[in-house]
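What follows is a set of notes on a single structure, which appears directly below.
Bear in mind these aren't lab numbers, they're just calculated from the coordinates by the rules spelled out. For clarity, every value in this text was computed on a predicted model and none was experimentally measured.
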Amino acid sequence: MSFIPLWPASISSYSHQVDLLVVCFTVLIVALSAPVFILIIVFAVKYRRGRSANRKHPVNRNVAVEVSWSVIPFLALLGFYVWSTELFAGLHRPPVDALEIDVVAKQWMWKFQHPEGQAEIDELHVPTGQPVKLTMASQDVIHSLFIPALRIKQDVVPGRYTSVWFIADMPGTYRIACSQYCGTNHSEMTGSFVAMSPSDYTKWLGQSSNDPSLVAEGAALFRGRGCSGCHGPASTVHAPSLVGLYGNPVPLQSGEVVIADDEYLRDSILLPQSQIAAGYPAIMPTFKNTLSEEDVLKIVAYLKSLKPGEATQ
Ligand SMILES: [Cu+2]
C-alpha cells in the first residue's frame, strides 16, 4: 500500500521558496490564532458557573496595546501578500533563454512537444538546471497542469495560451496531475515528469529523433494549408509578410498597437477578424475548424523562427 507523502519531493529553488512561504505562513497563523483558543479554554475553566473567581472588571483601557494587536498582524499579513505575489508573478516571467516546450491538454491526456520534434504523451522529459517554459493550449475543456515536485500549477484554458516556467534541479521521476475536474476520466489524467541531467536529456532526444522539428512541421503546415499563398514572398495577394513579426509591435486598424506574441499569432490564425493589421483588408478566413491546437502551436513555432535576412520558404 502506498501513501501520498505528507511533504512531497521538492526539486527546484522555486519549490523550496514555496515551502518556506507555507511553513512561515503556518507559523504566523498558529501564532495569531493559538492565543485566542488557549484563552477561550483558560477563561471557560476559570470563570465557569459556581466557581469562585473575581468577576469585577475595572475599566482598563490601553490604546497602545489595542492598536498594536490590530496593526502588527495586519503588517505581517501584508508582508506575506507581497512575498507570495512576488513568487506568483515570477512564474509568469520566463527567462528569454528558456527551452520552450508546447503542451496540449485534451480529455484525457497530456501531449508534450519538444522543439526538436519529439512528442510524448503523459510523460515530460526535461533537462535539469535549465529554465523550461511551457506554452499550453487546451483542445476541449479547462484542465490544469500540476507538478507537485515543482510546486507549480497552471490552468490550461480553451481559446487561449497560458504558460508557466521552472528550473528542475534534481534528476528523478515525479508525478504530473490534472488538478481541474475535466470529465469522467479526470482522475486518470496523470503522467510522469522526468528530470534528467543535460547529457542524459541530449541522449534521450537523440533516441527519439525520428520526428521532424516543430519548425519544419510548422513550415509544412504553412505551405500545405495555403498560408504561404497569401503570406509568402511570391504572393500577389495584399497580405502582411510574417518575417520578423514575432516579438515586434503591430499597428492595428483600430489604432491600437499590439506586440506579436504567441497569443497574438494564435488569435490571428483562429480569430483573424479580431485584430486586423493596419493597412490590410480583412479578408483572411478563420482556420478554427481546420487546424488543431497542436497544428497552431507548430505554425506559431515556424512563424517565430522567421527572422529577417534569413532564407524563407
Ligand atoms: Cu484534465
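Build a GNM of the chain with springs between Cα atoms under 10 Å: which of Arg49, Arg223, Arg175 gets the top mean-square fluctuation?
Largest GNM mean-square fluctuation: Arg49.
Hey, what do the phi angles of the stretch 226-243 turn into as Karplus ³J(HN,Hα) couplings, whole Hz, using 6.51/-1.76/1.60 and θ = phi - 60°, x for Gly and Pro?
x, 4, 5, x, 9, 9, x, x, 8, 5, 9, 7, 7, 10, x, 6, 9, 6
Take the alpha-carbon centre of the stretch 54-119, take the same for the stretch 153-189, and report the distance between them in whole Å.
Between the Cα centres of the stretch 54-119 and the stretch 153-189 lies a distance of 19 Å.
Looking at the stretch 214-305 from every direction and averaging, what is the projected area of its Cα convex hull in nm²?
On the way: hull surface 21.6 nm².
Mean shadow area of the hull around the Cα atoms is 5.4 nm².
Which three semi-axes in whole Å describe the equivalent ellipsoid of the stretch 99-207, each the square root of 5 times a Cα gyration tensor eigenvalue, listed largest first? Kindly include the intermediate steps, with their values, before the conclusion.
Values: eigenvalues 102, 38, 32 Å².
They are 23, 14, 13 Å, listed largest first.
So what is log10(I(q)/I(0)) for the chain at q = 0.10, 0.11 1/Å, when the Debye sum runs over its Cα atoms only?
For the requested q values the scattering log ratios are -0.71, -0.81.
To the nearest 500 deg cm²/dmol, what mean residue ellipticity at 222 nm is calculated for the chain from DSSP H runs of n ≥ 4 alone, each contributing -39,500 (n - 2.57), summed and divided by the residues? List each step's numbers first, then the result.
Working: 7 runs with 110 residues, N = 313.
Roughly -11500 deg cm²/dmol at 222 nm, from the helical runs in the chain.
Between their Cα atoms, which of Lys153/Lys203; Lys111/Lys133; Lys133/Lys304; Lys106/Lys304; Lys203/Lys298; Lys153/Lys288 are more than 18 Å away from each other?
Where the Cα-Cα span goes over 18 Å, the pairs concerned are Lys153/Lys203; Lys106/Lys304; Lys203/Lys298; Lys153/Lys288.
Please express the shape of the stretch 1-146 as an equivalent ellipsoid: the semi-axes are the square roots of 5 times the eigenvalues of the C-alpha gyration tensor, given largest first in whole angstrom. Spell out each step's value before the answer.
Working: eigenvalues 533, 79, 37 Å².
They are 52, 20, 14 Å, listed largest first.
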